[in-house]
There are 4 protein chains.
Amino acid sequence: MDKDPDSNLWFEEPYTEGLRFHYRVKRYVAAKQTKFQYAEIIDLFAFGRTLFLDGKLQSAEIDEHIYHEMLVHPAMLMHPSPKNVLIMGGGEGATLREVLKYSVKRVYMVDIDEELVNMCKEYLPKWHDGSFDDERSIVLFQDARKFVEEYNGEPFDVVISDLTEPIEEGPAIYLFTREFYSTLKNKMSEDGVFVAQSGSAEYLYTEFISALSATLKQIFPHVLGYHDYVFSFQLNWAFLIASKKYSLNEQKQVMEKNFDIIKDKVEYFTPEYFFAKTVLPPYMKKSMREGRVITDKEPYVWKA
Amino acid sequence: MDKDPDSNLWFEEPYTEGLRFHYRVKRYVAAKQTKFQYAEIIDLFAFGRTLFLDGKLQSAEIDEHIYHEMLVHPAMLMHPSPKNVLIMGGGEGATLREVLKYSVKRVYMVDIDEELVNMCKEYLPKWHDGSFDDERSIVLFQDARKFVEEYNGEPFDVVISDLTEPIEEGPAIYLFTREFYSTLKNKMSEDGVFVAQSGSAEYLYTEFISALSATLKQIFPHVLGYHDYVFSFQLNWAFLIASKKYSLNEQKQVMEKNFDIIKDKVEYFTPEYFFAKTVLPPYMKKSMREGRVITDKEPYVWKA
Amino acid sequence: MDKDPDSNLWFEEPYTEGLRFHYRVKRYVAAKQTKFQYAEIIDLFAFGRTLFLDGKLQSAEIDEHIYHEMLVHPAMLMHPSPKNVLIMGGGEGATLREVLKYSVKRVYMVDIDEELVNMCKEYLPKWHDGSFDDERSIVLFQDARKFVEEYNGEPFDVVISDLTEPIEEGPAIYLFTREFYSTLKNKMSEDGVFVAQSGSAEYLYTEFISALSATLKQIFPHVLGYHDYVFSFQLNWAFLIASKKYSLNEQKQVMEKNFDIIKDKVEYFTPEYFFAKTVLPPYMKKSMREGRVITDKEPYVWKA
Amino acid sequence: MDKDPDSNLWFEEPYTEGLRFHYRVKRYVAAKQTKFQYAEIIDLFAFGRTLFLDGKLQSAEIDEHIYHEMLVHPAMLMHPSPKNVLIMGGGEGATLREVLKYSVKRVYMVDIDEELVNMCKEYLPKWHDGSFDDERSIVLFQDARKFVEEYNGEPFDVVISDLTEPIEEGPAIYLFTREFYSTLKNKMSEDGVFVAQSGSAEYLYTEFISALSATLKQIFPHVLGYHDYVFSFQLNWAFLIASKKYSLNEQKQVMEKNFDIIKDKVEYFTPEYFFAKTVLPPYMKKSMREGRVITDKEPYVWKA
């Protein structure tokens, strides 16, 4: 079913009303309407194997490592010794893969969409790379909010929010509210660290990150944004890291020391590069001072 | 001739064989086959007024200030007191606009394409913003290489290379060679600074910046790369700065002090942000150590 | 403003949810939101100069003569001696042009959209070809229904309905109803002939022609469908001809005899070819026996 | 793998440099680079299951019966009693299906591309509808020219050329030449009838049909063109019928009488409709008087 470079099959991603990305398709691998979303796995000439959810590009072979390394390592390295970790979302298994590079005791991965995870298991082996079978992994298919509310095990050292944006009627809407973060904080250890992928940090499209930043600041004493450009997203991407105890500056040395643990296991991340990425573009900096707080009563609903 | 948001007119930019950008057109403003290139000025819903050369997006209303501020201010601020400046290319007049924010004595802008500059004068007023009429501006329509070779006026303190990439049979091919840079260096003052827009810094597409970097290093003692994401380019963009005398670190304080001069005249640039952007992504850093030297005999020809 | 064959400007016409036509644009000539519709005149590589209304292709340089000859000549030749003619719609002036090839006394052209007609006058000279200036032409800008209702001049020998399809809230909705046709019939001479462009005769899209046919049959004793393929429409097109007195078979000889009058003035039409086009594809024939009657109370609203 | 109506997967068919058709894809069913061509089977929202060869639409669920009935029945009905039939090409099996509706003794189907036929067997059951398993069918995978040259069995009563257009270096180039038709004629019975699908009959694109017509006229005493619009082709399609003995007019009564045999087995074809389709558009009529003869030395090569 492979196609030559002149393939006439295209996948169209409408980014806004005025801008569309067209990807030439090498092979349309698999598609499924799961209970929660429409998942497609497609081999693109531009980016290699690529996962789309509801028509939006999620992660691509060519640079998923950039996204996943930049999501996971800052939080893991900011904690002096993470043992118990929670991943919310993260269906492809690549976030899990990065976490397992540390000598953790246990990693919970809670993703609501079992059908999606099964697709990823079958079609994205480079992403999970066996991590689902690691004996330290506990993979649960349920609403992450319910899981956190009912959780009474060992406190989490690191929590990673690798969720899709909160689109209308999607399951993620109540996973970005002040109330939820308050509950979550109580299930974290004294020096717990939280990180969230925070959507596009695009010029003029910073509403979500500014709201999310304002919300986290109500709960955590230390909140910091960083960003990086991900080629296959064709966008500057934002992340927010929040800590119960440490400021990033305090942990700089810890981070640099601990980096040795994973130095040879990463392709892209370095502490130096990460610190540079905490210097935000002026418009992003400004927008992070202006957001409104997201609550259960007034959740944030993503505008396409 | 304005069009509603449902406009069915699209401009297609094929970025590679496998990736196309489609921009919805609000108004197709003007087009001209000049002696050197096909120039189109189009109002896009996504980016506002936009200039395309030979079908490739050059600069867009929404964020041309990001590109032009990041191109001009690092070099201008690295020199303690720039008086005599040369811009090669820069047809839109926005590079000139940024340079004129300093108390310079004279700015030469040498662009080969008079027809293009006339189009920009007429249709891109926000770009040049009167800079063509500033009495310090000397705008010349000729080959920049010839101009430099024959120039015997006051040495240049800052030289800005705002040229399109060296596409085959294009006029820019011999403006990126070791021989040319050697000549250029001789026309610069003892503490002269050179900066060049250096094309896409995209993951896997770093061949040009690595060759350009290798070439400049043969001529200048200090060469430094930096990058920034420009939304309308949908790409991470690369710049190279080269200095006859100062290293960037030596000039950090000068830069921060002089920044006061233009602080209130810029929208985006800050020294802090710029310094962060000199920390390159690992793949870019690596590629900058590997380039081949560009010469008149073996010029670099851009591969679309 | 001309563009080379590699032009990256495209006009997209979504024919249905599942089928889009993409036309490469040579020159975007003019556009105007008139009081009634969005009119665009575009030079296409495929079809030459082309008129679009609300994004739908109306008529193209390459084959407007096919459409206009097939619309006008059957009705004009079915009447033994047409003197007084009414055109409803027909903004481009080409229907008028074809009618004026006969020795008529007077042609009313009633089009609601003066701004559109002015655009056509300026940009579509091949279409009207001076016909607006012919002293036999009376061009009125008003609702055709009101015009017909208030008309008390000499009866019309031939009436040509060259209207766009009755889209929602468009002005044409009440120009396809039984009540209107009843009024119209009373303003026609004893042997008056009526013809209407009747939209796509496409396989599976025959609802409009079947309803229109059923409606006309309530008013006129003789109703006949014919069709032809128009390349630039990329569709089989339908027409309905209705007569107060003559059946087509009775008039065959008249038609062949009168054809001599215009034989040297047409490019495409011949009686022989037209007769062949009255033999309808089986699905179209069938659908014409099944339509519902269109009334003022239940007007037909075109589904895109 | 089914997709909702908002599917973002599109198949692009560039018809000319200036015109592209975009089909929304419901399901990308199968694709294969056979020894001879790139075959894709795709479920389209607009046309249902559809076969593409080298990116060009060949036949679609929605109206393959129009094409195949119009190809097969005129020739079969023009012969008073066809017993021995040859199909050249016809990979989908639908031409075979139509031929088997008559009480023939034997049908040879000679298609060079076994891999394609196997794909059709698996994925296009509505097309062949069991016809490959009919005991009267003899399906051979070889070059049709060689087969005809070496054939010394019972003469063919009807020969159907259901080949793709003779594209450069394609296997069909020498199946449209005077020399081949001369050989073929000798293998046909005294009253043998030949029919060929003859490509687009589009306005301004009539070169192939005019050459093919000129070539057949060198060999057969009676040659007749007919055409029909096929919705999924979005084009007027041309056919040429040639007979060793009968003119169409002589056979009209035979055709009408024999039609009873298959009347209840066809959906679209009627003799009356077919006769109407032998009246050609003026431009096509004209072009059929002007073609050059295709020979082995100067074969016709299709221009995309």
**Prompt:** On the given criteria, is B:L184 of a type in the set (A, V, I, L, M, F, W, C) and touching a Gly at 6+ places or on another chain (Cβ under 6 Å)?
**Reply:** no
**Those residues of region C:113-126 which are farther than 10 Å from C:G91 by Cα and either buried (at least 22 other Cβ atoms within 10 Å of the Cβ) or among the hydroxyl-bearing types (S, T, Y) (or both), in sequence order** = C:Y123, C:L124
**Complete:** For region D:213-227, pairs from a residue that is touching a residue at least 40 places away in the same chain (Cβ under 8 Å) to a residue that is part of a loop (DSSP other than H, G, I, E, B) and basic (K, R), with Cβ under 7 Å and 6 or more apart or across chains, are D:A214/D:R292
**Prompt:** Being modelled with pLDDT of 95 or more, in the same structural domain as D:T95 (by TED's automatic domain parsing) and more than 20 Å from D:L71 (Cα to Cα), is that true of even one residue in region D:210-219?
**Reply:** yes
**Which numbered condition B:A201 fails, given (1) buried (at least 22 other Cβ atoms within 10 Å of the Cβ); (2) in contact with a His (Cβ under 8 Å, 6 or more places away or on another chain); (3) away from chain A (no Cβ under 11 Å)** = (3)
**Message:** With the structure loaded, tell me whether A:Y226 is assigned to a helix (DSSP H, G or I), assigned by TED's automatic domain parsing to the domain that holds A:F147, in contact with a helix residue (DSSP H, G or I) (Cβ under 7 Å, 6 or more places away or on another chain) and among the aromatic types (F, W, Y) or whether it fails that test.
**Reply:** no
**Message:** Just to confirm my filter: which helices (runs of 4 or more DSSP H) fall fully inside region B:94-211 and include at least 3 residues that are closer than 23 Å to B:W237 by Cα?
**Reply:** B:94-99, B:125-128
**Message:** For a quick check of your reading of the model, give me the residue pairs whose first member lies in region D:126-150 and is closer than 16 Å to D:P171 by Cα, whose second is surrounded by fewer than 16 Cβ atoms within 10 Å (Cβ to Cβ), with beta-carbon atoms closer than 7 Å and at least 6 apart or on different chains.
**Reply:** D:F147/D:L140; D:V148/D:T183; D:E149/D:T183
**Request:** Report yes if A:Y300 is modelled with pLDDT under 95 and more than 19 Å from the chain's Cα centre (by Cα), otherwise no.
**Result:** no
**Prompt:** Which number in (1) without any contact (Cβ under 8 Å) to a residue 12 or more places away in the chain; (2) closer than 17 Å to C:H227 by Cα marks the one condition that C:N186 misses?
**Reply:** (2)
**Message:** I'd like to check something: does region B:286-302 contain any residue that is facing chain A (nearest Cβ under 8 Å), touching a residue at least 24 places away in the same chain (Cβ under 8 Å) and not in a loop (DSSP other than H, G, I, E, B)?
**Reply:** no
**Message:** With the requirement that a residue be at pLDDT 95 or above and in contact with a Leu (Cβ under 9 Å, 6 or more places away or on another chain), what does region A:239-254 give you?
**Reply:** A:F239, A:L240, A:I241, A:A242, A:S243
**Hits in region D:286-295 - residues which are polar (S, T, N, Q) and crowded, with 18+ Cβ neighbours inside 10 Å** = D:S287
**Request:** Considering every residue within region B:76-98, establish whether at least one is surrounded by 24 or more Cβ atoms within 10 Å (Cβ to Cβ) and within 14 Å of chain A (Cβ to nearest Cβ).
**Result:** no
**Asked** Could you list, in sequence order, the residues of region C:192-209 that are at pLDDT below 95 and not polar (S, T, N, Q)?
**Response** C:G199, C:A201, C:E202, C:Y203, C:L204, C:Y205, C:E207, C:F208, C:I209
**Fill in**
A careful count of residues in region B:182-212 that are out of contact with any strand residue (DSSP E or B) (no Cβ under 8 Å at 6 or more places or on another chain) and closer than 21 Å to B:K297 by Cβ gives 6
**Item:** region A:242-285 - residue that is more than 10 Å from every other protein chain (Cβ to nearest Cβ) and among the hydroxyl-bearing types (S, T, Y) and, of those, surrounded by the fewest Cβ atoms within 10 Å (Cβ to Cβ)
**Value:** A:S247
**Asked** In region D:28-58, what count of residues is obtained for those that are in contact (Cβ under 8 Å) with a residue 60 or more places away in the chain, of a type in the set (G, A, S) and closer than 18 Å to C:R20 by Cα?
**Response** 1
**Asked** So which residues in region C:204-234 are within 14 Å of chain D (Cβ to nearest Cβ), among the aromatic types (F, W, Y) and surrounded by 20 or more Cβ atoms within 10 Å (Cβ to Cβ), if there are any at all?
**Response** C:Y226, C:Y229, C:F231, C:F233
**Those strands (runs of 3 or more DSSP E) lying entirely in region A:1-69 with at least 2 residues more than 8 Å from chain B (Cβ to nearest Cβ) and within 27 Å of D:A39 (Cα to Cα)** = A:9-16, A:19-33, A:38-44, A:48-53
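The values are calculated or read from the model by the stated rules, or taken from the named source; none is laboratory data. Since the structure is predicted, the reported quantities are computational estimates derived from the model, not experimental observations. Reconstructed Cβ throughout: ideal geometry from the backbone, glycine too, with neighbour counts over all protein chains shown.
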